[in-house]
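Working notes, beginning with the structure itself.
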Amino acid sequence: MNENDDPEAKTVAAADGAVADGAAAAGAGAGDALIAPAPGPTRRLFWSALGVALGLLVVDQSTKWWAVDALADSKSIPVFGDFIRFWLVYNPGAAFSMGTGVTWIFTVFAGIAVVAIAWYAWRVRSTPWSYALGLLLGGATSHFGDRLFREPSFGRGHVVDFIDYSGFFVGNVADIGIFAGAVSIVVLSFRGIEPTQAPVPAEAGSDPAETGSDGKSRD
């Protein structure tokens, strides 16, 4: 009898085909999972950046209001001898009092910086990057607020500086936050931590000791 006419043989062949098709589909699904696009930016990281920014904004503005009240009439308070002291200065320009005659330009730049940093913070998928951008955002927003609402007029306000570093530079808490954020970004970049790149899952059965964070073999 021809085996093609045997019902039992046909049943076994059909079962083998179904198993093979299922295995192929499973393999394709696993491959798709490895190359699937990384998930989009999360709101959690964005809110983390906003939380850091808000904290820096509150601290900076609070210390500025204190400085305006406590350091009036050119009063000076030594902190670390002559190395660091509190001394009130109103800065119409940028760092080191540059561009004092074009305050409105720095107002525009500060506004653009706030929008750009917030937009980028929305896209990040890295927690350290969200904190670093939060520091930049908080400092830039606080300076933008000074430009808009402080004297002598709207959009031409002078930034309150009161931390004097041996006469070389007079800054504020926002400047410290911006500097810390910038240094953090440099460190993260040198370490190869990308702001918008999600971790790549390792292949099934691979040894973590033999692969790096990029999933490539170290052999």
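The values are calculated or read from the model by the stated rules, or taken from the named source; none is laboratory data. Since the structure is predicted, the reported quantities are computational estimates derived from the model, not experimental observations. Backbone-built Cβ (ideal geometry, glycine too); neighbour counts: all protein chains shown. Remember, those area values only see protein heavy atoms, side chains included, never the ligands or the DNA or RNA. Shrake-Rupley method; radii C 1.70, N 1.55, O 1.52, S 1.80 Å.
Quick look at the numbers
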item: Some residue of segment 53-66 being under 29 Å from SER153 (Cβ atoms), part of a strand (DSSP E or B) and open to solvent by less than 100 Å² (accessible area, probe 1.4 Å); result: no
item: Condition met for VAL108 (out of contact with any helix residue (DSSP H, G or I) (no Cβ under 7 Å at 6 or more places or on another chain), open to solvent by 40 Å² or more (accessible area, probe 1.4 Å) and either in a loop (DSSP other than H, G, I, E, B) or at pLDDT 95 or above (or both)); result: no
item: Where a residue in segment 180-192 is in contact (Cβ under 8 Å) with a residue 12 or more places away in the chain and its partner, wherever it lies, is polar (S, T, N, Q) and not in a helix (DSSP H, G or I), with Cβ under 9 Å and at least six apart; result: LEU188/SER126
item: Near pairs, Cβ below 8 angstrom, 6+ apart or cross-chain, from segment 114-131 (more than 15 Å from LEU54 (Cα to Cα)) to any residue that is β-branched (Val, Ile, Thr) and assigned to a helix (DSSP H, G or I); result: TRP129/ILE185
item: In segment 67-95, residue farthest from HIS158 (Cα to Cα) [restricted to those that are assigned to a helix (DSSP H, G or I) and touching a strand residue (DSSP E or B) at 6+ places or on another chain (Cβ under 9 Å)]; result: ALA70
item: Unique residue being at pLDDT below 95, assigned to a helix (DSSP H, G or I) and among the basic types (Lys, Arg) when the list is ARG156, ARG147; result: ARG147
item: Only listed residue being part of a strand (DSSP E or B) and surrounded by 14 or more Cβ atoms within 10 Å (Cβ to Cβ), chosen from ASP175, ASP161; result: ASP161
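Here's the yes/no breakdown for (1) closer than 30 Å to GLU151 by Cα; (2) at pLDDT 95 or above; (3) more than 36 Å from the chain's Cα centre (by Cα):
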{"residue": "VAL12", "(1), (2), (3)": "no, no, yes"}
{"residue": "VAL19", "(1), (2), (3)": "no, no, yes"}
{"residue": "ALA23", "(1), (2), (3)": "no, no, yes"}
{"residue": "GLY27", "(1), (2), (3)": "no, no, yes"}
{"residue": "ALA33", "(1), (2), (3)": "no, no, no"}
{"residue": "VAL52", "(1), (2), (3)": "yes, yes, no"}
{"residue": "SER74", "(1), (2), (3)": "yes, no, yes"}
{"residue": "VAL79", "(1), (2), (3)": "yes, no, no"}
